[in-house]
Each structure stands twice: as structure tokens, then as C-alpha cells.
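J.: Have a look at the structure that comes next, please.
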Amino acid sequence: MRSYVDAKIEERRVAIEVGAEEAASAKDRVDLSLPGVVRPLGSRHLIRQVFQEIEDIFFSIGFSVVDGPEIETPYYNFEALNIPEFHPVRDDMDTFYLELPKGAPGLLLRTHTSPMQIRTMEKQKPPVRVIVPGRVYRRDNPDATHSFAFHQVEGLAVDTDITFCDFTGTIEYFVKQFFGPSVKTRFRPSYFPFTEPSVEFDVSCVFCGGNGTTSSGTCGKCKGAGWIELFGAGMVDPAVYGFVGYDPKKVTGFAFGIGIDRLAMLKYGIDDIQAFFQNDVRFLKQFP
Ligand code: FA5
């Protein structure tokens, strides 16, 4: 009887062990036919991608990229750019000033990337050929084309024999590389205190092909004009050279300041600048 019971106990023990082993191996078993876990990959923000595109284009024609401070002094943001106190242009660039202890020298959030023209020329003798991508700030009310923080790329080329033709050629080269060869370009006279002559640069509307109309009527992007304003530019005003110790009789140059958010909106058909700042993943995912 006892051997019978021992045999039954052994039989049961083996059954339990085998069962436990099978259960354990079933738990660890990997089903190779199951789909993997998808881990979402991040990507660079569209504005960073556009910066990179612009840097690559200018890099290919001998420009280098420099970086500058977002907190500036009034001297670099205004005075050295030929914008003295009470100049009406300061109204267009409504400025964020930093709250500082009484008596401390004034500081502000730069309203454009142009202060880097001065900082670059102070550091470097001609020839100069730089672009400056960066963030700038203005007390503008947010709407579809305005933000209080936005992005610009400044360009500056100074040498002993730079002409207006070099300027227009460089700008047209950039625009055709960026938008494609079929885009048309034009210059209109404008005014900036730090360039003379100054121009606004327009491109034919990329939404209606420059016709001013689409199949559904007047083009809403260019409002029927067939042209879209892209940026301000011009030949460096000789007065600016006086602030950096360059001899205006010996050097000439050109400068431009491109609004990157609006440029990206044009190229990628985005109709609200706020989309760049809301960090909505559904928007960001469209530009991997
Ligand atoms: C300037 O800022 C000059 N520094 C440009 C320049 C540089 C002229 C060098 C000559 C030589 P303006 O204020 O027009 O110019 O601004 C340039 C671009 O910034 C505009 O064409 C527009 O695309 C963009 N911009 C201006 N304000 C805003 C804003 N609140 N939100 C988004 N983009 C803006």
C-alpha cells in the first residue's frame, strides 16, 4: 500500500513540475508574429528645418553662419544701426525692455537680427560674408501673420567692390534655390535707416502662380496682387561703417533681414503663424 501511495505522490509531483515548467515557458515565449511597439520619433521643428535649408544655400555661395545674443543693448539694436533715440522707426519695432535695478544700463530683447551686423563688423575686417539665424521679439499683437516672438535670418556681405548687382544676384539666387526656378522676383523702393538704397523684395505668389486668381476666385493669400512681400534689404548705409571703424570710402556691402516664419508659411502653405508656437503634435508631425 505504501509503495502505491509513494508512486502516486511521485507521479503527481512530476506532473506539477512539468506543468509549472510549461506554464513558465509559455509566459516567456515571444510571439514573433506580433507587431513591435511603435515608439514615436521626434523630429526637428519646421522653423529649424527652414533655418537649415537657408544655411545650406548661403553656405554654398561662401557665407558662414554666426550666432548672437537675444538680449541686446539699445546701442546695438538701434543707435549703431543709425536709429537714434526718438527716430520714428523705433515705433515700428515696439520693444520689450528688461526690468533692471535703477541705474543699470538698459537692456532689451532684440527686435531684429540686424544688431549682429554691428557685432560682426566690430570683430572682423572685410571681407565679411555672414548670415545670422535667430529669434527676435516685438510687442506685436498675435494674429495670423504676427507673433511677439518670431525668427529672422540676417545677411551681411561687405568688401571693397560689392555692387547693387551682387546684391540682387545673391538674393535672386537664394529665392530660386528656396522656392524653385519658376518663381518671379521684384524689388520695390523702401526705407531702413541702416541701408541706402533700401528695398522690399517680393516674390510671385506661390499659391496662385502670380496670376492673382485661383479656380475659386481672387487669391486669398496675395489678395489678388500676384506678389507677396518677403523681406527688407539694401546696400549698407555708409553711416553704419562709422560705428564699426570701417572706411566708407573703401568698402561697400549689402544686408537683408528675412522673416523666417512667413517664409515657411509661404513655402509650406501654412495660414496661421501661431501654429509654429502651439506645439500641437498633429501639426508638427506633418513635417518629419
Ligand atoms: C527688419 O527687421 C530689418 N532689420 C530688416 C533688414 C535687415 C532691412 C537688413 C535691411 C537690411 P522688418 O521690420 O520689415 O525689417 O522685419 C523683417 C521681416 O520680419 C518682415 O518682412 C516680416 O517677414 C517679419 N516680421 C516682422 N514683424 C513680425 C511679427 N510680429 N511676426 C512675424 N514676422 C514678423
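The values are calculated or read from the model by the stated rules, or taken from the named source; none is laboratory data. Computed from a prediction, not measured in an experiment: that's the story for all the values here. Cβ sites come from the backbone with ideal geometry, for glycine too, and all protein chains shown count toward neighbours.
J.: Starting from the stretch 143-157, keep only residues that are within 9 Å of F256 (Cβ to Cβ) and of a type outside the set (A, V, I, L, M, F, W, C), then list their pairs with residues that are more than 8 Å from the ligand (Cβ to nearest atom) and part of a strand (DSSP E or B) whose Cβ atoms are within a distance under 6 Å, requiring at least 6 positions of separation or different chains.
T.: E154/V132; G155/I131
J.: Still on this structure, please answer the following. Considering only residues that are in contact (Cβ under 8 Å) with a residue 12 or more places away in the chain and part of a helix (DSSP H, G or I), look in the stretch 172-209 and name the one that is surrounded by the fewest Cβ atoms within 10 Å (Cβ to Cβ).
T.: Among residues in the stretch 172-209 that are in contact (Cβ under 8 Å) with a residue 12 or more places away in the chain and part of a helix (DSSP H, G or I), the one surrounded by the fewest Cβ atoms within 10 Å (Cβ to Cβ) is Y173.
J.: Regarding the stretch 257-270, can at least one residue be identified that is more than 17 Å from F187 (Cβ to Cβ), of a type in the set (D, E, K, R), touching a residue at least 60 places away in the same chain (Cβ under 8 Å) and not in a helix (DSSP H, G or I)?
T.: Within the stretch 257-270 (the criterion being more than 17 Å from F187 (Cβ to Cβ), of a type in the set (D, E, K, R), touching a residue at least 60 places away in the same chain (Cβ under 8 Å) and not in a helix (DSSP H, G or I)), the answer is no, since none of the residues qualifies.
J.: Out of P115, P127, P133, report the one residue that is over 17 Å from F276 (Cβ atoms) and within 15 Å of the ligand (Cβ to nearest atom).
T.: Every option except P115 fails the conditions.
J.: Report, by residue number, each residue of the stretch 152-171 that is assigned to a strand (DSSP E or B) and touching a Pro at 6+ places or on another chain (Cβ under 7 Å).
T.: Passing the criteria: V153, V158, D159.
J.: Test D140 against the criterion of being of a type in the set (D, E) and either within 11 Å of the ligand (Cβ to nearest atom) or part of a strand (DSSP E or B) (or both), and give yes or no.
T.: So D140 fits the description; yes.
J.: Is it the case that some residue within the stretch 89-112 is assigned to a helix (DSSP H, G or I) and over 25 Å from the mean Cα position of the chain (by Cα)?
T.: no
J.: Can you pull out the residues in the stretch 83-103 that are within 11 Å of the ligand (Cβ to nearest atom) and farther than 18 Å from S147 by Cα?
T.: Those that are within 11 Å of the ligand (Cβ to nearest atom) and farther than 18 Å from S147 by Cα: I83, V89.
J.: In the stretch 210-243, what residues are among the β-branched types (V, I, T) and surrounded by fewer than 17 Cβ atoms within 10 Å (Cβ to Cβ)?
T.: Scanning the stretch 210-243 gives T213, T214, T218.
J.: Taking the stretch 153-189, which residues are within 12 Å of L230 (Cβ to Cβ), of a type outside the set (A, V, I, L, M) and within 13 Å of the ligand (Cβ to nearest atom)?
T.: Within the stretch 153-189, F187, R188 meet the criteria.
J.: Can you confirm whether T120 is farther than 23 Å from P74 by Cβ and either surrounded by fewer than 23 Cβ atoms within 10 Å (Cβ to Cβ) or away from the ligand (no atom under 11 Å from the Cβ) (or both)?
T.: Considered against the rule, which asks whether it is farther than 23 Å from P74 by Cβ and either surrounded by fewer than 23 Cβ atoms within 10 Å (Cβ to Cβ) or away from the ligand (no atom under 11 Å from the Cβ) (or both), T120 comes out as no.
J.: Regarding S25, is this residue among the polar types (S, T, N, Q), farther than 30 Å from G134 by Cβ and outside any helix (DSSP H, G or I)?
T.: Considered against the rule, which asks whether it is among the polar types (S, T, N, Q), farther than 30 Å from G134 by Cβ and outside any helix (DSSP H, G or I), S25 comes out as no.
J.: I'm told E172 meets every condition in (1) under 26 Å from H45 (Cβ atoms); (2) at pLDDT below 95; (3) not hydrophobic (A, V, I, L, M, F, W, C) except one. Can you identify the failing condition by its number?
T.: Among (1) under 26 Å from H45 (Cβ atoms); (2) at pLDDT below 95; (3) not hydrophobic (A, V, I, L, M, F, W, C), E172 violates only (1).
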